[in-house]
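Okay, structure first, notes after.
No lab work stands behind these numbers, since they all come straight from the coordinates. Predicted model, so just to flag it, every value in this text is computed and none were measured. Here the Cβ positions follow ideal geometry from the backbone for every residue, glycine too, while neighbour counts run over all protein chains shown.
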Amino acid sequence: MKGNALSQLGRRTAEPPITWLMREALVRPGLISLAAGFTDNPSLPVEITRDIMAEMLRSGKTGQPPLQYGTTAGDETLRALTARRLAQLDGQSPKAKAYSPSRMMITHGSQQFLYILTEILFDEGDIVLVEDPSYFVYLGIMQSHGIRGRGIRMEADGINLAHLEATLESLKKSGELPRLKALYLVSYHCNPTGTTTAAAKKAAALKLLRRYEKFAGHPIYLLEDAAYRELRFAGEDTPGALTMDRTGDRVIYTSTYSKPYATGVRVGFGFLPAPLLTAALRVKGNHDFGTTNFLQQLISRALSTGAYETHVQSLRKRYAKKAAAMVRACREHLPEGVEWTEPNGGLYVWARIPARVKTDLKSKLFAAALKQKMIYVPGNLCYADDPTRRKPNREMRLSFGSGSIPNIKEGIARLGKALKKVL
Ligand SMILES: Cc1ncc(COP(=O)(O)O)c(C=O)c1O
């Protein structure tokens, strides 16, 4: 038969490029992958989790509730603890309205939150403003839903506000503002660049979005993705955008327990303005009518016993060492002309190569790196399909998350050899 029965979405959805990168890491023995966004294996909280599970399953009375279905919005205790922790991080009273557990839902990772939010907010052809570059899996969700992206240029402390304003103005002029619904910021130790958005920039961005709403005819939301917020190992924490949301109905905030606790557990959460929450809960009801109760109660107990906090503290020290090892290796092995960031949190170093060398999957450099048995994430994969500019093709994301320190050093040394060959 000639035709296939796939829906438009089924046909449109491209294969995520990361699938190929992950497969390469598995099928090539000896390959060092600085591409994967995995977290550090040896520090995964095996003992903490074992103790909590033993406690949870101690008796029928304690064991039955987590082994039963829960509610669509998520476990009440976990929501209360999460809301309180976020208020604390933001330096706000846990009684403040913005941090009411009734404004949030627990999801299967923050990835599910992003997906559900996309489903309730955007139609095909709608526009999202994204950091240039941004989190490539979210760009994949956009591609799959036929959502258009416009990249906002980046500076060391977040988006370039003048470029944000110019983009809003150009959308106004072209009559496309009614298609614009949100600005998506990975605002802490961003995936892929490691950038943290300054608080003043979030406040200014919110103001700008407000100013253009009257031409859009509906709210334009700031979607703050704080997935790496807890993995800060230097500098001060920055207040989240919820603290700047004057009317309490323009900021959507999402984060996750994946990175700071365990990526295999995949419990995430999001705070939303009321009309969005109602719609999101209905869609979540259709997706799975609730995140795995057992895992929610695991996280809830880790939080309430203090084990979570202790774990996060030690994790930060570990990533600080790994990041420092990667930066030192870059200094030692990467040839002149290559620039890289020195992260103060998260899992990534972002490197920029001299303009004459490309970094994409088909480039000479990528082939040379593969020959040296190392891979990185090509930077061009992290740029939205924005028709107003060419995708830069001279950058790469290097992850210090999953490799051991000797592995990281060797990976960068191999990259150095590949670069020297191509340069
Ligand atoms: C920026 C960002 N947001 C969200 C996620 C999703 O994480 P999870 O679904 O495990 O919470 C990731 C995962 O890598 C990420 O990098």
* **When each of K172/K391; K2/K358; K181/K284; K207/K317 is checked by Cα-Cα distance, pairs over 28 Å** => K2/K358; K207/K317
* **Beta bridges by DSSP in the range 69-306, antiparallel share as percent, to the nearest 5** => 35 percent
* Asked: How large is log10 I(q)/I(0) at q = 0.15, 0.17 Å⁻¹ when the Debye formula is applied to the Cα atoms of the range 69-306, each weighted equally and without solvent?
  -> -1.01, -1.32
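Out of the range 244-288, which trypsin sites (Lys or Arg not before Pro) are coil in DSSP terms and have no more than 11 other C-beta atoms within 10 Å?
Hits after loop and neighbour filter: R246.
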* Efficiency of FRET between H287 and A355 - r from beta-carbon atoms, R0 45 angstrom, step 0.05 -> 0.55
* Structure fact -> Note: Q64 to K172 extended length (0.36 nm per residue) minus current alpha-carbon separation gives 33.3 nm
* **T310 versus A5: modelled label distance in nm, points set 7 Å from Cα along the beta carbon direction** => 5.4 nm
* Asked: What whole number of Å gives the distance from the Cα centroid of the range 370-423 to the Cα centroid of the range 262-300?
  -> 34 Å
* Structure fact -> the range 1-95, Kirkwood Rh and Cα Rg, ratio Rg/Rh at 1.14
* Regarding the chain, what is the average projected area of its C-alpha convex hull, in nm²? -> 22.3 nm²
* **Extension gain from R50 to A367, taking 0.36 nm per residue of separation minus the Cα-Cα distance** => 109.8 nm
* Could you tell me which of the pairs K322/K417; K201/K259; K173/K362 are separated by over 28 angstrom between their Cα atoms in the structure shown? => K173/K362
* Taking the Cα-to-Cβ direction at S404 and at E213 and moving 7 Å from each Cα, how far apart do the two end points lie in nm? -> 5.4 nm
* To do: State the antiparallel share, in %, of DSSP beta bridges confined to the chain, rounding to the nearest 5.
  => 50 percent
* Asked: What does a probe at S43 reach in the range 202-241, counting residues whose amide N is under 15 Å from the point 7 Å along Cα→Cβ?
  -> 228-235
